[in-house]
2 protein chains.
Amino acid sequence: MTTRMRSEIAEQPAALRATLDALLPRAAEVGRLAGQTRRLLFIARGTSDNAAVYGRYLVEAHAGLLATPAAPSIATTYRRRLDLDGVLAVALSQSGRTEEIVETLAWARDCGARTVAITNGGEESPLAQVADLALCTLAGEEKAVPATKTYTTQLAALAVLGLGLGAEVEAADLLRVPDAVERLIAEPGDLDEIVEGLAGKPGVVVSGRGLVFSTALELALKLKEACYLHAMGLSYADLLHGPIAVVDEETPALVVAADRGPTLAGTVALAERVIGAGASAFAVGGGSALAEVSTAALNGPDLPEWVTPLALIVPGQLLTEALARRLGIDPDAPRGLNKVTQTD
Amino acid sequence: MTTRMRSEIAEQPAALRATLDALLPRAAEVGRLAGQTRRLLFIARGTSDNAAVYGRYLVEAHAGLLATPAAPSIATTYRRRLDLDGVLAVALSQSGRTEEIVETLAWARDCGARTVAITNGGEESPLAQVADLALCTLAGEEKAVPATKTYTTQLAALAVLGLGLGAEVEAADLLRVPDAVERLIAEPGDLDEIVEGLAGKPGVVVSGRGLVFSTALELALKLKEACYLHAMGLSYADLLHGPIAVVDEETPALVVAADRGPTLAGTVALAERVIGAGASAFAVGGGSALAEVSTAALNGPDLPEWVTPLALIVPGQLLTEALARRLGIDPDAPRGLNKVTQTD
């Protein structure tokens, strides 16, 4: 039986092409709205928050703009106004209907920020209605509870946002992503071996740094949601400040890296340390440098680091879907979760 | 045998009194340095980063200033300059010698920020030397690897920082903290029952929100470091966006709240949901409202919410120390960790 999650993973090349076609021409609009704003504020929860982590590193590392992940409780629970003059607030919600996110974007607007919505819910969604500018992704309807195509298309929208904000990168790199995703779906690497390596383990550490930290966080969330695995997503720097103590033969690590870029060397060193502690290290991307020191490896895309996160999560999605089935869980409908999460 | 960790937990009332005596008179200096800066940037890792989470919520909820947790890799790995004009950068390192943190604070200064160091390493430490202003905590030497008194005194320094930045709170509340910590050490609540409830469990979820989110993160880190427990620290809003799926009879939750304040009601609702999922919910603070719906409870301090985190971690420290011994681990020297962590 093919799960919906598996079908939706396969729909990502088309969803990414449609989204990039629609949004790339709008980068200049983002630039005009941003104007002289010099700070970003990202408002999101769950998978969307992992996408926001990509946005944050992209605009900091490549556009030189300081970006803050919002604490929505300041708006919705403490009901405190902040001075957001000169801030561009970017809210992400796949449905465009999560009340906490809609309310926090409205609060940011009332505090003086300019506002952008990134949503798959369309121009008529409550989130888009609150924003000065809506970047609508074209993922189509997503039925499985674990987000896949709505996540990667959010990353595409964030890449367009980064271009609009003057990121010093090549826009043409984005057009290579859909084909790279197709190749990873066809050839994910040592998927079966890693499924067996994780089955029955109580927990796993998922670690990456910089632009692919978003991928590590999102893979950890997927494994929690759909496999009930105690998966801890951490930057490798944070991992070494304490949590490395949990790594042992019963706690493997998934180490995530782009095939190139400034965080690859540190990730290779982390994999070596994990193996030195008697644990398995499974690579997600990182090219031959990481695969050679790891127990087994999922392939990553042959792309520049800045667009790598759009494709690198895909083998992780395939891993999650296969591991859930291996564990007897229906990945389309994990316990305790609904498709649209409402928090206050 | 008394562990060093247990002795250092008991030294906290004196360490807090000494630190508050030294730093409270310096709040005005912070205000003068901050001047017209309107944003904060916190630079930290590990336990210090959990302290920074307290600082972030304090200045946002009570001083109305947007605060950003820094991504140090932008400075140290991507080596990208950001525009930090109008930013007050606050770096925290217990030793004052973690190179990544020293380097990132120097980077912030070079990017135009004004700079504050919070450290137990003294005025001569590299971190203090880089900063415009150093708030030195007086915790004395800490020998156990898991930080206890260096953490709570960091929170005291952050409270002074908040006062200097105009937080609308009563400074006198701070002077009640040392006595409250003494009482919690003498009467922590259902410690033995919760130790037994966690022993042998593969993982635990630790959840709180707002000002005590810092406490949840720090307790989760302690349980990872010293008990090798897969402890996930999450705000309750993030928990409901996916990770709630991992909660079951084998995965209890520690639910953390102040005895009063706007996040208490949501935490009570979370405890009820956890119990409804067939899991145990152990309260950490939250007064009778939270204790009544929970499986067992550790006491919290009878203090205003804004100073609660300075004392609320203490029963969590006692829990960590007792659980480590119960599991046959020496909490003073967990595997894989040194007292000063160097990351790049």
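Exactly one condition in (1) part of a helix (DSSP H, G or I); (2) closer than 17 Å to B:ILE313 by Cα is not met by B:ALA172; state its number.
The number of the failed condition is (2).
For the condition in a loop (DSSP other than H, G, I, E, B) and surrounded by fewer than 21 Cβ atoms within 10 Å (Cβ to Cβ), what is the one hit in A:GLY300, A:GLY336?
Working: A:GLY300 fails: surrounded by fewer than 21 Cβ atoms within 10 Å (Cβ to Cβ).
One residue alone meets the criteria, A:GLY336.
Looking at A:VAL177, A:VAL212, which is the one that is assigned to a helix (DSSP H, G or I), in contact with a strand residue (DSSP E or B) (Cβ under 9 Å, 6 or more places away or on another chain), in contact (Cβ under 8 Å) with a residue 12 or more places away in the chain and over 27 Å from A:GLY336 (Cβ atoms)? Give the derivation first.
Values: A:VAL177 fails: in contact with a strand residue (DSSP E or B) (Cβ under 9 Å, 6 or more places away or on another chain).
The conditions single out A:VAL212.
Checking the condition under 22 Å from B:GLU193 (Cβ atoms) and not assigned by TED's automatic domain parsing to the domain that holds B:SER95, which residue from B:ALA281, B:ALA333, B:ALA265 passes? Explain how you work it out, then say what you get.
Working: B:ALA333 fails: under 22 Å from B:GLU193 (Cβ atoms); B:ALA265 fails: under 22 Å from B:GLU193 (Cβ atoms).
Answer to the check: B:ALA281.
Which of (1) open to solvent by 40 Å² or more (accessible area, probe 1.4 Å); (2) under 15 Å from the mean Cα position of the chain (by Cα); (3) among the aliphatic types (A, V, I, L, M) does A:ILE313 not meet, given it meets every other one?
(1)
Of the conditions (1) touching a Gly at 6+ places or on another chain (Cβ under 8 Å); (2) surrounded by fewer than 20 Cβ atoms within 10 Å (Cβ to Cβ), B:GLN129 fails just one. Which one is it?
Among (1) touching a Gly at 6+ places or on another chain (Cβ under 8 Å); (2) surrounded by fewer than 20 Cβ atoms within 10 Å (Cβ to Cβ), the lone unmet condition for B:GLN129 is (1).
In this structure, is B:LEU175 modelled with pLDDT of 95 or more and either assigned by TED's automatic domain parsing to the domain that holds B:LEU135 or within 17 Å of the chain's Cα centre (by Cα) (or both)? First the steps, then the outcome.
On the way: modelled with pLDDT of 95 or more: yes; either assigned by TED's automatic domain parsing to the domain that holds B:LEU135 or within 17 Å of the chain's Cα centre (by Cα) (or both): no.
It is false that B:LEU175 is modelled with pLDDT of 95 or more and either assigned by TED's automatic domain parsing to the domain that holds B:LEU135 or within 17 Å of the chain's Cα centre (by Cα) (or both).
Of all the residues that make up the stretch A:4-38, how many are modelled with pLDDT under 95 and either not assigned by TED's automatic domain parsing to the domain that holds A:ALA144 or not small (Gly, Ala, Ser) (or both)? Break it down stepwise before answering.
Step one: of the stretch A:4-38, the residues modelled with pLDDT under 95 are A:35-38.
Okay, now just the ones that are also either not assigned by TED's automatic domain parsing to the domain that holds A:ALA144 or not small (Gly, Ala, Ser) (or both), so A:36-38.
The total comes to 3.
Do you know which residues across the stretch B:259-278 are open to solvent by less than 10 Å² (accessible area, probe 1.4 Å) and in a loop (DSSP other than H, G, I, E, B)?
Once the filter is applied, which keeps residues that are open to solvent by less than 10 Å² (accessible area, probe 1.4 Å) and in a loop (DSSP other than H, G, I, E, B), the stretch B:259-278 yields only B:THR263.
Kindly indicate the residue of the stretch B:66-100 that is free of Cβ contacts under 8 Å to residues at least 60 places away in the same chain and among the basic types (Lys, Arg) and also farthest from the other protein chains (Cβ to nearest Cβ) among those meeting that condition.
B:ARG79
Mind checking which residues of the stretch A:22-56 are in contact (Cβ under 8 Å) with a residue 24 or more places away in the chain and of a type in the set (D, E, K, R)?
Applying the first criterion (in contact (Cβ under 8 Å) with a residue 24 or more places away in the chain) to the stretch A:22-56 yields A:22-24, A:26-31, A:33-55.
A:ARG26, A:GLU29, A:ARG38, A:ARG39, A:ARG45, A:ASP49, listed by residue number.
Assess whether A:LYS149 counts as being open to solvent by 20 Å² or more (accessible area, probe 1.4 Å), within 25 Å of A:LEU217 (Cβ to Cβ), out of contact with any strand residue (DSSP E or B) (no Cβ under 8 Å at 6 or more places or on another chain) and in the same structural domain as A:ARG45 (by TED's automatic domain parsing).
Values: open to solvent by 20 Å² or more (accessible area, probe 1.4 Å): no; within 25 Å of A:LEU217 (Cβ to Cβ): yes; out of contact with any strand residue (DSSP E or B) (no Cβ under 8 Å at 6 or more places or on another chain): yes; in the same structural domain as A:ARG45 (by TED's automatic domain parsing): yes.
For A:LYS149, the condition - open to solvent by 20 Å² or more (accessible area, probe 1.4 Å), within 25 Å of A:LEU217 (Cβ to Cβ), out of contact with any strand residue (DSSP E or B) (no Cβ under 8 Å at 6 or more places or on another chain) and in the same structural domain as A:ARG45 (by TED's automatic domain parsing) - is not met.
If I ask for residues that are among the hydroxyl-bearing types (Ser, Thr, Tyr), in contact (Cβ under 8 Å) with a residue 60 or more places away in the chain and at the interface with another protein chain (Cβ under 9 Å from one of its Cβ atoms), which ones from the stretch B:215-252 would you list?
Our first condition is that a residue be among the hydroxyl-bearing types (Ser, Thr, Tyr); within the stretch B:215-252, this holds for B:215, B:228, B:235-236, B:251.
Those left that are additionally in contact (Cβ under 8 Å) with a residue 60 or more places away in the chain: B:215, B:228.
Passing the criteria: only B:TYR228.
Of the residues in the stretch B:11-58, how many are in a helix (DSSP H, G or I) and surrounded by fewer than 19 Cβ atoms within 10 Å (Cβ to Cβ)?
The number of residues fulfilling the criteria is 13.
For (1) at pLDDT 95 or above; (2) crowded, with 24+ Cβ neighbours inside 10 Å, each residue gets a yes or a no:
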residue	(1), (2)
B:THR153	yes, yes
B:VAL169	yes, no
B:ALA186	yes, no
B:ILE194	yes, yes
B:GLY200	no, no
B:VAL205	no, yes
B:VAL212	yes, yes
B:TYR228	no, no
B:ILE244	no, yes
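Is there a residue being touching a Gly at 6+ places or on another chain (Cβ under 8 Å), modelled with pLDDT of 95 or more, on the phi < 0 side of the Ramachandran plot and of a type in the set (S, T, N, Q) anywhere in the stretch A:54-72?
No, because not a single residue in the stretch A:54-72 is touching a Gly at 6+ places or on another chain (Cβ under 8 Å), modelled with pLDDT of 95 or more, on the phi < 0 side of the Ramachandran plot and of a type in the set (S, T, N, Q).
Only one of (1) under 20 Å from A:VAL246 (Cα atoms); (2) more than 9 Å from chain B (Cβ to nearest Cβ); (3) in a helix (DSSP H, G or I) is not met by A:VAL206, so which one is it?
Every condition holds for A:VAL206 apart from (3).
If I ask for residues that are open to solvent by less than 10 Å² (accessible area, probe 1.4 Å) and farther than 18 Å from A:LEU318 by Cβ, which ones from the stretch A:280-289 would you list?
Scanning the stretch A:280-289 gives a single hit, A:ALA281.
Suppose we keep only residues that are assigned to a helix (DSSP H, G or I) and open to solvent by less than 10 Å² (accessible area, probe 1.4 Å) within the stretch A:76-102. Which one would you say is modelled with the lowest pLDDT? If you could, list the steps in order and put the result at the bottom.
Here is the first cut: in the stretch A:76-102, the ones assigned to a helix (DSSP H, G or I) are A:76, A:99-102.
Cutting the leftovers down to open to solvent by less than 10 Å² (accessible area, probe 1.4 Å) gives us A:100-101.
Working: A:GLU100: 93, A:ILE101: 96.
Only one residue fits best here, namely A:GLU100.
Restrict the check to the stretch B:64-74 and report whether at least one residue is assigned to a helix (DSSP H, G or I), open to solvent by less than 10 Å² (accessible area, probe 1.4 Å), β-branched (Val, Ile, Thr) and under 26 Å from B:GLY316 (Cα atoms).
So the first thing to find is which residues in the stretch B:64-74 are assigned to a helix (DSSP H, G or I), and the list is B:72-74.
Now drop any that are not open to solvent by less than 10 Å² (accessible area, probe 1.4 Å), which leaves B:72-74.
If we keep only those that are β-branched (Val, Ile, Thr) too, we end up with B:74.
If we keep only those that are under 26 Å from B:GLY316 (Cα atoms) as well, we get none.
The answer is no; no qualifying residue exists.
Would you be able to say whether some residue in the stretch B:313-321 is of a type in the set (S, T, N, Q) and at pLDDT 95 or above?
yes
A:VAL256: in contact with a helix residue (DSSP H, G or I) (Cβ under 8 Å, 6 or more places away or on another chain), surrounded by fewer than 24 Cβ atoms within 10 Å (Cβ to Cβ), at pLDDT 90 or above and more than 9 Å from chain B (Cβ to nearest Cβ), yes or no? Outline the logic, then answer.
Working: in contact with a helix residue (DSSP H, G or I) (Cβ under 8 Å, 6 or more places away or on another chain): yes; surrounded by fewer than 24 Cβ atoms within 10 Å (Cβ to Cβ): no; at pLDDT 90 or above: yes; more than 9 Å from chain B (Cβ to nearest Cβ): yes.
No.
State yes or no: is A:ASP190 open to solvent by 20 Å² or more (accessible area, probe 1.4 Å), more than 15 Å from the chain's Cα centre (by Cα) and more than 14 Å from chain B (Cβ to nearest Cβ)?
yes
The values are calculated or read from the model by the stated rules, or taken from the named source; none is laboratory data. All values reported here derive from a predicted model rather than from experimental measurement. Note that we place each Cβ from the backbone using ideal geometry, even for glycine, and neighbour counts take in every protein chain shown. To get the accessible areas, we keep the full protein, side chains included, count just its heavy atoms, and leave off ligands, DNA and RNA. Shrake-Rupley method; radii C 1.70, N 1.55, O 1.52, S 1.80 Å.
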